[in-house]
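Let me begin by presenting the structure, written as structure tokens, before commenting on it.
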Amino acid sequence: MAYPGYGGGFGNFSVQIPGTQIQMGQPVPGTSPNMRPGGYQPGYTPYPGGYSSADDSMWTYFTAVAGQDGEVDAEELQRCLTQSGISGTYSPFSLETCRIMIAMLDRDYTGKMGFNEFKELWAALNAWKQNFVTFDQDQNGSVEHHELSQAIAIMGYRLTPQTLNAIVKRYSKNGRIFFDDYVACCVKLRALTNFFRRRDHLQQGCVNFIYEDFLQGTMTI
């Protein structure tokens, strides 16, 4: 395939870090063995049917901030993720990152996220966090330029050095990439690759866009 992020599973590979060998792809709460590179699962309904709120701790976090419509906007999602502690010792997610998280899964363009989408996001965040922690060996909440490039490659994206360099420059601050920016990068990679893939019917890495379609797919992310 001419563009990345769609083959194989999320795990089953290892990355060599100076002084240690870390096996990636170990089970993470909220993920499944079918998680694909870039932190997503095949198809668009990974949580079909009902769910048991009594057995789901995520339901407690979600309903604590959700509106009467059973959905959350970006500000509510930010509060929900902060209260859940999913970012661990890293800084909480910014409002802008939460906006693009919603946009990544907002297939009806409502600007909100339901519980099923929230669970899908939770799985992706856990996979991305596992990847980030692998490189943040000193636990200072950031990684270096070359480590972001390695993390992107580990997720299955096959990008040119020029593209990787542009991404690194976009998401780095004073030579470091912090967890919030790293997640924002992962969200955009997944969302824009999904947007492209849905229009690449022959899976050849080449698409003709209508201007309005292009704007809808890029300006919302």
inquiry  = Looking only at segment 62-96, count every residue that is among the β-branched types (V, I, T), open to solvent by less than 30 Å² (accessible area, probe 1.4 Å) and in a loop (DSSP other than H, G, I, E, B) and tell me the total.
reply    = 1
note = Flagged in segment 77-97 as modelled with pLDDT of 95 or more and either touching a Lys or Arg at 6+ places or on another chain (Cβ under 9 Å) or polar (S, T, N, Q) (or both), in numbering order, are L77, Q78, S94, T97
query = Counting just the residues of segment 150-192 that are among the β-branched types (V, I, T) and open to solvent by 20 Å² or more (accessible area, probe 1.4 Å), which one comes out nearest to T134 (Cα to Cα)?
reply = I154
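Per-residue answers, yes or no, for (1) touching a residue at least 60 places away in the same chain (Cβ under 8 Å); (2) at negative phi; (3) in contact with a Phe, Trp or Tyr (Cβ under 7 Å, 6 or more places away or on another chain):
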{"site": "S57", "(1), (2), (3)": "no, yes, no"}
{"site": "A66", "(1), (2), (3)": "no, yes, no"}
{"site": "E75", "(1), (2), (3)": "no, yes, no"}
{"site": "Y90", "(1), (2), (3)": "yes, yes, yes"}
{"site": "E96", "(1), (2), (3)": "yes, yes, no"}
{"site": "D106", "(1), (2), (3)": "yes, yes, no"}
{"site": "K112", "(1), (2), (3)": "no, yes, no"}
{"site": "E120", "(1), (2), (3)": "yes, yes, yes"}
{"site": "A124", "(1), (2), (3)": "yes, yes, yes"}
query = Would segment 201-211 turn up any residue that is of a type in the set (A, V, I, L, M, F, W, C), in contact with a Ser or Thr (Cβ under 8 Å, 6 or more places away or on another chain) and touching a residue at least 12 places away in the same chain (Cβ under 8 Å)?
reply = no
task = Pick out the one residue from A74, A66, A127 that is among the small types (G, A, S) and either within 12 Å of the chain's Cα centre (by Cα) or under 24 Å from Y157 (Cα atoms) (or both).
result = A127
inquiry  = Out of the helices (runs of 4 or more DSSP H) lying entirely within segment 133-221, which hold 1 or more residues that are under 25 Å from A74 (Cα atoms)?
reply    = 161-171, 179-199, 211-219
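The values are calculated or read from the model by the stated rules, or taken from the named source; none is laboratory data. Here the structure is a predicted model, which is why all the values come from computation and not from measurement. Note that we place each Cβ from the backbone using ideal geometry, even for glycine, and neighbour counts take in every protein chain shown. Note: accessible area is taken over every heavy atom of the protein model, side chains too, but ligands, DNA and RNA are not part of it. Shrake-Rupley method; radii C 1.70, N 1.55, O 1.52, S 1.80 Å.
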